[in-house]
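K.L.:
Below is one structure. I have some questions about it.
The values are calculated or read from the model by the stated rules, or taken from the named source; none is laboratory data. Just so you know, these numbers come straight off a predicted model, no measurement behind them. When we count neighbours, we look across all protein chains shown, and the Cβ atoms used for this are built from the backbone with ideal geometry, even at glycine.
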Amino acid sequence: MPKPLVPVAGVALIDGVIGNFRGAGITSLVIIVNEQARACRDWVHSRFPDLDIEVIVKTTPSSLESFREVTRRLGGDRALISTVDTWCRADDFAAFVHAALRRPADASVLAVTPLVADERPLWVDVGHDGRVGRIGGSAGTHVTAGMYMLSERARAAVPPPLGSLREFLAWLLAQGEPFYAETIADVVDVDQKSDVVLAEALVRGGDR
């Protein structure tokens with residue numbers, strides 16, 4: 001089964017992410033899936049006919065290349081990006097979007113969480129003013145939650161050869177891109193069965 005179609009409490013991951021965007025008032029989306037997940041294109045168009053969705057089917061060598069494929073099709077200034085395997089409650093997602101929009105328009109905003117439910121967490125240090133002081137390393141105050149509101153400048157930046165989106169984010173910070181962080185208490189990066197179990201426990205309001 002393609003990862004985007006993996007169900008959490010009966011809802012496919014991609015349905016949850018798109019539903020979060022719609023709940024936050026975002027109705028125009030660009031999605032990329034690899035060739036092995038081609039079935040997701042018809043799935044999305046059949047389930048969300050009311051939304052303006054472009055689905056790119058392309059296998060890329062890295063998360064950064066997938067990011068570039070998506071962002072070159074986006075207009076406007078700031079843009080909201082989410083990975084498909086990021087699970088969170090719809091209300092928490094909407095709260096993140098609204099909080100991010102209150103930050104300076106020329107800044108980028110990371111969703112972060114204190115819940116470390118990721119095999120390869122991307123640690124960040126967040127100051128009392130919400131500014132991100134460091135991205136990467138073996139520890140930090142929070143971990144990233146797979147959701148980003150990036151400025152037009154950040155999306156247009158051309159980095160040196162890098163291997164991943166996380167490296168790109170760290171490079172942006174080093175180049176002087178202002179980053180803020182907004183916290184979501186419960187976010188699960190769904191990579192294996194135990195992550196599905198954890199997310200479903202949170203859906204039910206159970207203990208972590």
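K.L.:
Looking at PHE96, PHE48, which one is aromatic (Phe, Trp, Tyr) and either at pLDDT below 95 or touching an Asp or Glu at 6+ places or on another chain (Cβ under 6 Å) (or both)? Spell out how you get there, then give the answer.
P.N.:
On the way: PHE48 fails: either at pLDDT below 95 or touching an Asp or Glu at 6+ places or on another chain (Cβ under 6 Å) (or both).
The conditions single out PHE96.
K.L.:
Please verify whether PHE67 is aromatic (Phe, Trp, Tyr) and either more than 18 Å from the chain's Cα centre (by Cα) or more than 22 Å from ALA105 (Cα to Cα) (or both), treating the condition exactly as stated. If you could, list the steps in order and put the result at the bottom.
P.N.:
Details: aromatic (Phe, Trp, Tyr): yes; either more than 18 Å from the chain's Cα centre (by Cα) or more than 22 Å from ALA105 (Cα to Cα) (or both): no.
No.
So that you can scan it fast, the table gives a plain yes or no per residue for (1) in contact (Cβ under 8 Å) with a residue 40 or more places away in the chain; (2) touching a Gly at 6+ places or on another chain (Cβ under 8 Å):
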{"position": "ARG131", "(1), (2)": "yes, no"}
{"position": "HIS142", "(1), (2)": "yes, no"}
{"position": "SER164", "(1), (2)": "yes, no"}
{"position": "VAL187", "(1), (2)": "yes, yes"}
{"position": "ALA201", "(1), (2)": "no, no"}
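K.L.:
Filter the stretch 78-106 down to the residues that are acidic (Asp, Glu) and under 19 Å from ARG22 (Cα atoms), then identify the one that is surrounded by the fewest Cβ atoms within 10 Å (Cβ to Cβ).
P.N.:
Residues of the stretch 78-106 acidic (Asp, Glu): 85, 91-92, 106.
From what is left, the residues that are under 19 Å from ARG22 (Cα atoms) are 85, 91-92.
Details: ASP85: 19, ASP91: 11, ASP92: 19.
So, considering only residues that are acidic (Asp, Glu) and under 19 Å from ARG22 (Cα atoms), the one surrounded by the fewest Cβ atoms within 10 Å (Cβ to Cβ) is ASP91.
K.L.:
What's the number of the condition TRP43 fails, among (1) farther than 26 Å from LEU169 by Cα; (2) surrounded by fewer than 16 Cβ atoms within 10 Å (Cβ to Cβ); (3) out of contact with any Phe, Trp or Tyr (no Cβ under 9 Å at 6 or more places or on another chain)?
P.N.:
Unmet condition: (2).
K.L.:
Determine whether VAL109 is surrounded by fewer than 16 Cβ atoms within 10 Å (Cβ to Cβ) and of a type in the set (Val, Ile, Thr). So that I can check it myself, show each step before the final result.
P.N.:
Values: surrounded by fewer than 16 Cβ atoms within 10 Å (Cβ to Cβ): no; of a type in the set (Val, Ile, Thr): yes.
No, not satisfied.
K.L.:
Follow-up question, since we're still on this one. If we keep just the residues of the stretch 137-186 that are assigned to a loop (DSSP other than H, G, I, E, B), hydroxyl-bearing (Ser, Thr, Tyr) and under 15 Å from the mean Cα position of the chain (by Cα), which is farthest from ILE26 (Cα to Cα)?
P.N.:
The initial filter retains those residues of the stretch 137-186 that are assigned to a loop (DSSP other than H, G, I, E, B), namely 137-141, 151, 157-164, 175-178, 184-186.
Next, only the ones that are hydroxyl-bearing (Ser, Thr, Tyr) stay: 138, 141, 151, 164.
Checking which are under 15 Å from the mean Cα position of the chain (by Cα) leaves us with 151, 164.
Numbers: SER151: 17, SER164: 26 Å.
For the stretch 137-186, the residue satisfying everything is SER164.
K.L.:
What are the residue pairs meeting all of these: first residue in the stretch 19-45, first residue in a strand (DSSP E or B), second residue of a type in the set (D, E, K, R) and modelled with pLDDT under 95, Cβ atoms under 6 Å, and 6 or more apart or on different chains?
P.N.:
Note: pairs meeting the criteria are VAL30/ARG73; ILE32/GLU69.
K.L.:
Which one is nearest to ARG155 (Cα to Cα) among residues in the stretch 188-208 that are touching a helix residue (DSSP H, G or I) at 6+ places or on another chain (Cβ under 8 Å) and part of a loop (DSSP other than H, G, I, E, B)? Explain how you work it out, then say what you get.
P.N.:
The first filter runs over the stretch 188-208 and keeps only residues touching a helix residue (DSSP H, G or I) at 6+ places or on another chain (Cβ under 8 Å), leaving 188-190, 207-208.
From what is left, the residues that are part of a loop (DSSP other than H, G, I, E, B) are 190, 207-208.
Working: VAL190: 26, ASP207: 38, ARG208: 35 Å.
Applying the filter and picking the extreme gives VAL190.
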